[in-house]
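Enquirer: Before I ask anything, here is the structure I am working with.
Every read-out reported here was derived from the displayed coordinates using simple, explicitly stated rules and does not represent laboratory data. The shown structure was predicted, so the numbers you read here are calculated from the model rather than taken from an experiment. Glycine gets a Cβ as well: all are built from the backbone with ideal geometry, and neighbour counts include every protein chain shown.
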Amino acid sequence: MSNNTKQPSLAWPGLIRRYADYLPVNEFTPIVTLLEGNTPLLKADSLAREMGGDIELYLKYEGLNPTASFKDRGMTMAVSKAKERGADVVVCASTGNTSASAAAYAARAGLKCVVLLPNGKIALGKLAQALMYGATTISIEGNFDDALRIVRELGETGQVEVVNSVNPVRIEGQKTASFEVVDQLGQAPDFHFLPVGNAGNITAYWKGYKEYFDLGISSSKPRMFGFQAANSAPIVDGSPIENPQTVATAIRIGNPASWGGATNAVEESNGHIGKVTDNEILIAYKQLAKTEGIFAEPACAAPLAGLKNCLLNDKIPEGSKIVVTLTGHGLKDPDNAINEAGYTPAVVAPELDAVKDIIGL
Ligand code: F0G
């Protein structure tokens, strides 16, 4: 092979470089990347069959991003732009995943990171991440909405860069998930299901699908179906919730910042915003892991439970292509996993026969 034969590189360059043409970056933007994006789109035939649906079901497994949630898509953009503007400190409010991601990308960029978390309501893995990546961690005696209010006020001082999804470049990064779905499927799905918390992600997905459609890269757009947890469902219920509660702490939010983006996505796409109970979430959470070998955190089970309900109510035509985003990895939340799976080990003597007895051999 001659030296000047250029081989196509199989290496994934990270989502900013891959989708630079569609993102607000230029040659001077310092790209802060952990090679996020390019996550698998897994066909889930067994789960579709168990749900009783004659559908083509695909799972976009965002738990395989560098900090194990979809937040890395927005954070590579937010931290790159913060660095471009010469910021020294990035700040966010978070139910856990945003803080993990912000802390990692800030570390990578050499910036200081401060995270405001609702006291006691953060899944253990997410907290471990923020601490290990070296963020200054502040526990607010309140919920996510209180923390975000303070972060917005901090942003107004002009001394810090807010990297919550109220920062529009977060949405830009997150819209690349829709580009990937179309690139992977060869077309847009008929339906896209996802969990809704602060509502940035449903806003971003819809933006991405519309852009690919307007550019002629896809010939259709999906109907957007978002799901909230029953006691944290302000958009479904039509007004903010003072004291939201759910086992899916990632989406324990009473007054979503991108409320309008979510309702717009649902209206424009002829979609649906619904709610599911914690019990329905926990059933789908276990079913996903046992049926497909995919471990996702509880919030991801909200759209799966929602899909089950939609199938039962005949809301989904036969043969539909459906993508469900699994937004975060199951290892984020070991407490819920162990509580739900039930850890009652058989403790036996260190002998082969004792083990064989238990197995029944
Ligand atoms: N799924 C997971 C795993 C999340 O962490 C979040 C939000 C959502 C779904 C909802 O996405 O807010 O764009 O509607 N987590 C934020 C955080 C709030 O602070 O980590 P959304």
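Enquirer: Using a Förster radius of 35 Å, what is the FRET efficiency between LYS321 and ASP214 based on their Cβ-Cβ separation? Nearest 0.05, please. Kindly include the intermediate steps, with their values, before the conclusion.
Expert: Working: r = 21 Å, r/R0 = 0.59.
Given R0 = 35 Å and the Cβ-Cβ separation, E is 0.95.
Enquirer: Within a Cβ distance under 12 Å of GLU280, other residues only, what is the Lys/Arg minus Asp/Glu net charge?
Expert: Working: positive: LYS275, LYS286, LYS308; negative: ASP278.
For residues surrounding GLU280, the net value is +2.
Enquirer: Quick one: dipole size for the chain, taken about the Cα centre, charges +1 on Lys/Arg Cβ and -1 on Asp/Glu Cβ, in debye to the nearest 20.
Expert: On the way: 32 positive and 39 negative charges, 150 e Å.
It comes to approximately 720 debye.
Enquirer: Oh, and also: Once the dipole of the chain is set up with Lys and Arg at +1 and Asp and Glu at -1 on Cβ about the Cα centre, which of ALA109, LEU57, HIS329 lies farthest towards its positive end?
Expert: ALA109
Enquirer: Could you size up the charge dipole of the stretch 242-361 around its Cα centre, putting +1 on the beta carbon of Lys and Arg and -1 on that of Asp and Glu, and report it in debye to the nearest 20? Don't skip to the answer; put the middle values down first.
Expert: Values: 9 positive and 15 negative charges, 43 e Å.
With Lys and Arg at +1 and Asp and Glu at -1, about 200 debye.
Enquirer: Sticking with this one: With unit charges on the beta carbon (Lys/Arg positive, Asp/Glu negative), name the residue among SER99, ALA87, GLY74 whose Cα is farthest towards the positive pole of the charge dipole of the stretch 45-108.
Expert: ALA87
Enquirer: Now for a different question. For the stretch 215-224, just list the computed ³J(HN,Hα) in residue order, Karplus coefficients 6.51, -1.76 and 1.60, θ = phi - 60°, integers in Hz, with x standing in for Gly and Pro.
Expert: 7, x, 6, 10, 9, 8, 10, x, 7, 8
Enquirer: Using a ≥ b ≥ c from the Cα gyration tensor of the stretch 138-251 (square roots of the eigenvalues), is it rounded, prolate or oblate, where a/c under 1.5 gives rounded and otherwise the larger of a/b and b/c decides, a/b for prolate? Show your work: numbers first, answer last.
Expert: Details: a/c = 2.96, a/b = 1.55, b/c = 1.91.
Taking the square roots of the gyration eigenvalues as a ≥ b ≥ c, the stretch 138-251 is oblate.
Enquirer: Between the alpha-carbon centers of the stretch 57-119 and the stretch 173-238, tell me the distance in whole angstrom.
Expert: 20
Enquirer: Would you calculate a helix-derived [θ] at 222 nm for the chain, using -39,500 (n - 2.57) for each DSSP H run of n ≥ 4 and dividing by the full residue count, to the nearest 500? Write down the numbers at each step before the final one.
Expert: Working: 15 runs with 148 residues, N = 361.
Counting only the DSSP helices, I get -12000 deg cm²/dmol.
Enquirer: Where does the charge balance sit around THR137 when Lys and Arg score +1, Asp and Glu -1, over other residues with C-beta under 13 Å from its C-beta?
Expert: Numbers: positive: LYS112, LYS126; negative: none.
Summing Lys and Arg as +1 and Asp and Glu as -1 gives +2.
Enquirer: Taking amide hydrogens as modeled 1.01 Å from N in the peptide plane, which residues meet the under 5 Å criterion relative to ALA188, leaving out close sequence neighbours?
Expert: For ALA188, the qualifying residues are SER219, SER220.
Enquirer: Once the convex hull of the C-alpha atoms of the stretch 270-361 is built, how many Å³ does it hold per residue, rounded to a whole number? If you can, show how the numbers build up before the last one.
Expert: Values: hull volume 13.9 nm³, N = 92.
So the per-residue Cα hull volume is 151 Å³.
Enquirer: Quick check: net charge around SER232, other residues with Cβ under 9 Å of its Cβ, Lys/Arg +1 and Asp/Glu -1?
Expert: Working: positive: ARG252, LYS275; negative: none.
Net charge around SER232: +2.
Enquirer: Let me ask something else. Taking the highest mean first, how do the peptides 99-107, 134-142, 252-260, 181-189 order by number of other beta carbon atoms within 10 angstrom per residue? Can you show the working numbers first?
Expert: Working: 99-107: 29.1, 134-142: 15.1, 252-260: 21.0, 181-189: 18.1.
Output ranking for 99-107, 134-142, 252-260, 181-189: 99-107, 252-260, 181-189, 134-142.
Enquirer: Here is a follow-up. Out of all DSSP beta bridges in the chain, what portion is antiparallel? Express it as a percent rounded to 5.
Expert: 15
Enquirer: Let me know the charge dipole size of the stretch 66-157 about its Cα centre in debye, to the nearest 20, where only the beta-carbon of Lys, Arg (+1) and Asp, Glu (-1) is charged.
Expert: Working: 11 positive and 8 negative charges, 66 e Å.
That gives a dipole near 320 debye.
Enquirer: Now, a different point. Relative contact order for the chain: what is it in percent, counting Cα pairs under 8 Å that are at least 6 residues apart?
Expert: Working: 733 pairs, mean separation 67.1, N = 361.
For the chain, the relative contact order is 19 percent.
Enquirer: Can I ask one more? Of LYS175/LYS308; LYS210/LYS275; LYS71/LYS112; LYS286/LYS321; LYS112/LYS332; LYS175/LYS332, which sit over 21 Å apart, Cα to Cα? Mind dumping the intermediate values first?
Expert: Values: LYS175/LYS308 26 Å; LYS210/LYS275 25 Å; LYS71/LYS112 18 Å; LYS286/LYS321 23 Å; LYS112/LYS332 23 Å; LYS175/LYS332 23 Å.
From LYS175/LYS308; LYS210/LYS275; LYS71/LYS112; LYS286/LYS321; LYS112/LYS332; LYS175/LYS332, over 21 Å: LYS175/LYS308; LYS210/LYS275; LYS286/LYS321; LYS112/LYS332; LYS175/LYS332.
Enquirer: Which is farthest toward the positive dipole end of the chain among LEU42, LEU185, ALA250, measuring Cα position about the Cα centre, with Cβ charges +1 (Lys, Arg) and -1 (Asp, Glu)?
Expert: Looking along the dipole axis, the top candidate is LEU185.
Enquirer: Taking square-rooted eigenvalues a ≥ b ≥ c of the alpha carbon gyration tensor, is the chain rounded, prolate or oblate, where a/c under 1.5 means rounded and, failing that, a/b exceeding b/c means prolate?
Expert: On the way: a/c = 1.28, a/b = 1.18, b/c = 1.09.
Rounded, since a/c falls under 1.5.
Enquirer: Let me make sure I get this right: for the stretch 1-154, a, b and c are the square roots of the gyration tensor eigenvalues over alpha carbons, sorted descending. Under 1.5 in a/c it's rounded, otherwise prolate if a/b > b/c, else oblate. Which is it? Intermediate values should be presented prior to the final figure.
Expert: Numbers: a/c = 2.36, a/b = 1.15, b/c = 2.05.
Note, shape of the stretch 1-154 comes out oblate.
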